[in-house]
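**Q** Below you will find the structure I want to go over with you.
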Amino acid sequence: MKTKYFMCVFIISFMFATNVFAGSMNITETISKMTLEEKASLVVGTGMYIAGMDVTNEKTLAEKLVSGAAGASSQIERLGITPMVLADGPAGLRINPTRPNDENTYYCTAFPIATLLASTWDTELVYKVGQAMGNEVLEYGADVLLAPALNLHRNPLCGRNFEYYSEDPLVTGKITAAMVKGVQSQNVGTSIKHFAANNQETDRFTVDTIVSERALREIYLEGFRIAVEEAQPWTVMSSYNKINGTYSCENYDLLTKVLREDWGFKGFVMTDWLAGTDAVKQMKAGNDLIMPGNPNQKEKIIKAVNDGTLDEEVLNLNVKRILNIILKSPHYKGYKYSNKPDLKSHAQIARQAAADGMVLLKNNNSVLPLAMDIKKIAAFGNMSYEIVTGGTGSGNVNEAYSISLVEGLEKSGLSIDETLQQLYTNYIKDAKSRQQTDGIALSAFMLPPPIEEMKVFSDIAHEMAQENDIALITIGRNSGEFSDRNIENDFNLSDIEKSTIENVTNAFKANGKNTVVILNIGGVIETASWKDIPDAILLAWQPGQEAGHAIADVLSGKVNPSGKLADTFPIAYSDISSSKNFPGTVIESSEPMPASDSGRGGLGIAERRAEVIYEEDIYVGYRYFNTFQKDVSYEFGFGLSYTTFEYSNIKISSEKFDKQLEISVDVKNTGNTAGREVVQIYLTAPAENLNKPKEELVAFGKTKLLEPGNKDTLSFVLKPRDLASFDTSSSSWISEAGKYIVKVGNSSRDIKGVVSFDLDKELIVKNVSKAMTLQKDINITHP
């Protein structure tokens, strides 16, 4: 009997010691027991470790727990407070794949980039990607994934656009919410980032974003609002930049009034790594966790409490928010992670997502899918052999393998011209041997110099045309943290790339054969000057580790492309509404830059005063192009299919708006191939009191897979917020009285039907907090 008694006591004691009774901590009581030093430790991270550049002079807690993780919160053992391991990133978990004195491997799945996922317009699929990603976070021992990233595609030159979703806040918000729900279904957290108006890499630590409150609310904050209200991410990451003069991570109006009071956010806010200048201001603003953290910041917080410049109750609230999330975390619950997630099944999800997000931009004479008599392929372009799976920096993933285009084609049963393959292989090998690197400290996050494309002269092109059935030309681009893209030889194709497209297409056309261009890119490029030359163009984006398989699936017809553009492709860079002010200007000053307690000064990061003025205001992307009737190369929402669809029976539940109304439409597959269609709902609102875009996306949905002759009925509910615009004078969302035009289409410029309804009286949808630091009068220009 005594043995049983002592065994029970032992088991119960063990369960308490290992936090099996998760959630048993009384947070108020725990805070009352914490010393001031412990509170300061909890709100400041445990440092940052990068191989070859040790910021803390020793391996951090995060590095000891999960090698390659970005950081961790503090552990306070005497109170049962466990650490949280925080790890990148947007395209999959980023940790070290190998570890010293360890024969095991810790590879993760490289999923398609965010821009591709947005191009699926499929929230159910993105949820599945999130589930798989979250499972790897869980099984590799991390607690919070530092993703998804959802800054708006204000300008295509932003170096991190591949991490972000779209130029449209609704697409951004809905895809983000689906990703957050998927990841957090695995009982791990997310950190949606970078909050807010962080739309460039140039001067990213110091740039002051000058923007109207209306543009902030309607364009740059809206995706975050949708994600917070629909998915409640565990954490939000504040951004590096200032907004109208105040650092985001030190902005009370942004982090408390907007995020918590207006939207009801329940988690905690953490800084981006090394963001801001003042730890005390961050606490007061509602930025609860400072990352990666250093001892100096702890000391400043302790001193501020002792001298009365920081109310300890403010610090207690910061601590409480962090503890609320710690109670949910796998480490607190004592989860025994396996280090063996199901990478094989996750790769299949990555492959499906990659294929479903590819966009068919051109398909003259139904060149695609490839005909049965196509057997041998001439693959041109460096990226046919070394495909770009994703961008660099924190969005990079250490995957076990990646499938190149030629590998995918060969595994699908096609043969590759060996002579041409050897030419490219030798060329790339030689070019790499001659590359010079600068040995930059943050080289793990930086891009290697690009390899110039091999020149393809007419004689080679004609030789290949005689020996092969079709030509594929892969055009590749990459980008990442710390720098933005260039216009020449990046947004615009290089002269060599253009001549390759022309020489190859002409040679194959002379032999009665076709040419397909594959775009292996992370963001928008110029297409108007050359798109008429090849027979077909497939926008493959950066498709993750299953790239070659997924591209082959689409080219062969195994998958019917159903992706649609979540960005506009302009005719020229100068046509973009922010082209004249991106990425801003340097502010000349004889005054030294303010010192930062973040520790980034010790990394040799050059800083300067800079500002960027969002003169285009709310007119970003298609909102600008459609309102001001600017021609484009490919419009927002565009994408072809191997089949055709018919829209019919468009109905609206009422001609008067009262609380909500429903729109429905039938979509029928009228072609010969099974496929899916994305239905897009745009709204034109009265504009008597406020200037408004010509139309704005208010809803979207994707049909099920429709066999030829089959149809699907999609329904959409419009609520008051969908009609509203932000009125800065009253700090409220207002729907103007008048007639509203509902446009149903498969792109922003291909409208299949129109219905309308009336709103009899102006409707104040929601009053929001007066956020004085977000208010700014600027000289708005409409190019």
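**Q** Which order do peptides 415-424, 138-147 fall in by mean Cβ count within 10 Å, highest first? Kindly include the intermediate steps, with their values, before the conclusion.
**A** On the way: 415-424: 16.1, 138-147: 26.9.
My ranking of the peptides, most packed first, is 138-147, 415-424.
**Q** Cα-based Rg (one decimal) and Dmax (whole number) for the stretch 187-273, in Å?
**A** 12.2, 38
**Q** Mind ranking Lys498, Lys455, Lys39 by accessible surface for me, highest first, 1.4 Å probe?
**A** Details: Lys498 70, Lys455 115, Lys39 10 Å².
The most accessible residue leads, giving Lys455, Lys498, Lys39.
**Q** Then there's this: Could you sort Phe638, Phe757 by their accessible area in this structure, using a 1.4 Å probe and putting the largest first? Spell out each step's value before the answer.
**A** Working: Phe638 40, Phe757 0 Å².
Reading off the accessible areas and sorting them downward yields Phe638, Phe757.
**Q** Once you've got the Cα coordinates, tell me which of Lys128/Lys694; Lys64/Lys328; Lys281/Lys320; Lys376/Lys432; Lys719/Lys770; Lys668/Lys692 are over 26 Å apart. Could the numbers behind the result be given before it?
**A** On the way: Lys128/Lys694 35 Å; Lys64/Lys328 21 Å; Lys281/Lys320 18 Å; Lys376/Lys432 28 Å; Lys719/Lys770 24 Å; Lys668/Lys692 33 Å.
Table pairs above 26 Å Cα-Cα are Lys128/Lys694; Lys376/Lys432; Lys668/Lys692.
**Q** According to the Cα gyration tensor, what semi-axes, each the square root of 5 times an eigenvalue, does the equivalent ellipsoid of the stretch 559-716 have, listed from largest to smallest in whole Å? Provide the component values of the computation, followed by the final result.
**A** Working: eigenvalues 375, 94, 55 Å².
Square roots of five times the eigenvalues give 43, 22, 17 Å.
**Q** Still on this structure, please answer the following. Within 10 Å, count the other beta carbons around each residue, average over each peptide in 343-350, 187-194, and list them highest first.
**A** On the way: 343-350: 18.6, 187-194: 26.0.
Output ranking for 343-350, 187-194: 187-194, 343-350.
**Q** Rg to Rh ratio, the stretch 665-783, alpha-carbon atoms and Kirkwood radius?
**A** Working: Rg = 18.2 Å, Rh = 16.7 Å.
The Rg/Rh ratio comes out at 1.09.
**Q** How are the alpha carbon pair distances in the stretch 464-535 distributed across 5 Å bins from zero to the largest one, expressed in percent?
**A** Here the calculated profile for the stretch 464-535 is 3, 16, 26, 21, 14, 10, 6, 3, 1, 0.
**Q** List the aspartates and glutamates whose Cα lies under 15 Å from the Cα of Lys498, skipping any in the same chain that are fewer than 8 positions away.
**A** The reachable aspartates and glutamates, counting only those whose Cα sits under 15 Å from Lys498, are Glu452, Glu453, Glu488, Asp490, Glu526, Asp532, Asp535.
**Q** Which order do peptides 503-516, 649-662 fall in by mean Cβ count within 10 Å, highest first?
**A** In descending order of packing, they fall as 503-516, 649-662.
**Q** Also, quick follow-up: Return the tail of the calculated pair distribution for the chain, meaning the percent of Cα-Cα pairs more than 33 Å apart.
**A** Working: 161728 of 306153 pairs.
Within the chain, distances greater than 33 Å cover 53 percent of Cα pairs.
**Q** With all protein chains present and a 1.4 Å probe, how do Lys298, Lys719 order by accessible area, largest first? Can you show the working numbers first?
**A** On the way: Lys298 55, Lys719 110 Å².
I get Lys719, Lys298, largest accessible area first.
**Q** Report, largest value first, the span of the C-alpha coordinates of the stretch 145-185 along each principal axis, in whole Å.
**A** 34, 20, 9
**Q** Which angle from 0 to 90°, rounded to the nearest 10, does the C-alpha axis of helix 312-326 make with the longest principal axis of the chain?
**A** 50 degrees
**Q** Just to check, using Stokes-Einstein with a Kirkwood Rh over alpha carbon pairs, what's the diffusion coefficient of the stretch 602-688 at 37 °C and 0.692 mPa s in µm²/s?
**A** Numbers: Rh = 18.1 Å.
Value of D from the Cα-based Kirkwood radius: 181 µm²/s.
**Q** Need one number: the % of Cα-Cα pairs in the stretch 208-360 sitting beyond the 20 Å mark. List each step's numbers first, then the result.
**A** Values: 6977 of 11628 pairs.
Everything past 20 Å amounts to 60 percent.
**Q** A further question on this structure: With every protein chain present, what accessible area does Lys558 have (1.4 Å probe, heavy atoms only), rounded to the nearest 10 Å²?
**A** 150 Å²
**Q** While we're on this one: Using the crude model of +1 on Lys and Arg Cβ and -1 on Asp and Glu Cβ, and no other charge, please compute the dipole size for the chain relative to its Cα centre, in debye to 20.
**A** Details: 78 positive and 98 negative charges, 438 e Å.
Charge dipole of the chain: 2100 debye, to the nearest 20.
**Q** In Å², and per residue, what accessible area does the chain have when probed at 1.4 Å with the other protein chains present?
**A** Values: 29980 Å² over 783 residues.
Here the residues of the chain average 38 Å² of exposed surface.
**Q** What is the distance in Å between the Cα centres of the stretch 699-728 and the stretch 251-265?
**A** For the stretch 699-728 versus the stretch 251-265, the Cα centre distance is 29 Å.
**Q** Let a ≥ b ≥ c be the square roots of the eigenvalues of the Cα gyration tensor of the stretch 125-261; is it rounded (a/c under 1.5), or, if not, prolate (a/b larger than b/c) or oblate?
**A** prolate
**Q** What figure, in Å² to the nearest 10, do you get for the accessible area of His462 with a 1.4 Å probe and non-protein molecules left out?
**A** Its heavy atoms expose roughly 80 Å² to the probe.
**Q** Now for a separate question. Ratio to report: Rg/Rh of the stretch 91-193, with Cα atoms as the point set and Rh obtained by the Kirkwood method; give two decimals.
**A** Values: Rg = 14.2 Å, Rh = 14.0 Å.
My calculation of the ratio gives 1.01.
**Q** Helix 495-510 against the longest principal axis of the chain: what's the angle in degrees, Cα atoms only, rounded to the nearest 10?
**A** In the chain, helix 495-510 runs at an angle near 40 degrees to the longest axis.
**Q** Calculated from DSSP H runs of 4 or more alone, at -39500 (n - 2.57) each and per residue, what is the 222 nm mean residue ellipticity of the chain, nearest 500? Could the numbers behind the result be given before it?
**A** Numbers: 20 runs with 207 residues, N = 783.
Estimated from H runs of four or more residues: -8000 deg cm²/dmol.
**Q** Pairs of Cα atoms under 8 Å, at least six residues apart: use those to get the relative contact order of the chain, whole percent. Write down the numbers at each step before the final one.
**A** Numbers: 1913 pairs, mean separation 115.6, N = 783.
Relative contact order comes out at 15 percent.
**Q** Determine the sum of side-chain charges near Gln421: Lys and Arg each +1, Asp and Glu each -1, restricted to other residues whose C-beta is under 13 angstrom from that of Gln421. Spell out each step's value before the answer.
**A** Numbers: positive: Lys376, Lys429; negative: Glu386, Glu407, Glu410, Asp417, Glu418, Glu467.
Neighbour charge sum, excluding Gln421 itself: -4.
The values are calculated or read from the model by the stated rules, or taken from the named source; none is laboratory data. Predicted model only: the values in this text are computed from it and were never measured. Every residue, glycine among them, receives a Cβ derived from its backbone with ideal geometry; neighbour counts consider all protein chains shown. For the accessible areas, the whole protein counts, side chains as well, though only heavy atoms, and no ligand, DNA or RNA atoms are used. Shrake-Rupley method; radii C 1.70, N 1.55, O 1.52, S 1.80 Å.
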